[in-house]
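> Just dropping this structure here.
Where a number appears in this text, it was derived from the coordinates with a stated rule and is not lab data. What you see is a predicted model, and the numbers here were worked out from it, not measured in a lab. Counting neighbours? That spans all protein chains shown, and the Cβs are built from the backbone with ideal geometry, glycine included.
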Amino acid sequence: MELNSPLTDIILSQSCSTLCRLQLDWTPEPGTHLEIAGQTYLVLERRHRYMLKSGRYQLHQIALYVQTASIPTERSLIEGRWVIGDSTCLYNARSEILRCAINPNGPCDRCTHYQPLKKPPFN
């Protein structure tokens, strides 16, 4: 993101309240973690708002919708991206945001629904 990019509103998705407004030097994608004032937030959604200026649309505002999160200790690197939970389980969503449909909050190590994959997810 350019240094002259617009300020980014950080919005807590549960209450739709603005946590802060800051200028970022990178573009957080949904699923990435963002640290603000010692608190870790998970980016759920990114929205761009444009304004018509001099006959052209220009980026006017960026909004990141986040939720409070802690960086999960159960995660695996699959095909260059981090996924939450035990990636050897059949029910793992292989997602940065969602662990699995059966036990989304975890932890995986005590889950009674664990089913091993027939083949490893790394191929």
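> Over segment 8-68, one equal point on each Cα, no solvent: what is log10 I(q)/I(0) by the Debye formula at q = 0.28 Å⁻¹?
-1.24
> Using the Kirkwood formula on the Cα atoms of the chain, what hydrodynamic radius do you get, in angstrom to one decimal?
16.5
> Hey, another quick one. Can you check what the net charge comes to around I11, using other residues whose Cβ is under 13 Å from the Cβ of I11 (Lys, Arg +1; Asp, Glu -1)?
Net charge around I11: +2.
> When the dipole is taken about the Cα centre of segment 72-117, and only Lys, Arg (+1) and Asp, Glu (-1) are charged at their Cβ, what size is it in debye, to the nearest 20?
Charge dipole, segment 72-117, about its Cα centre: 60 debye, nearest 20.
> Which Cα, out of I102, Q23, V83, lies furthest along the positive dipole direction of the chain (beta carbon charges, K/R +1, D/E -1)?
Ranked along the dipole, the leading option is I102.
> About the Cα centre of the chain, what is the dipole size in debye to 20, counting +1 per Lys and Arg Cβ and -1 per Asp and Glu Cβ, all else neutral? The partial results should precede the final answer.
Values: 13 positive and 11 negative charges, 73 e Å.
Charge dipole of the chain: 360 debye, to the nearest 20.
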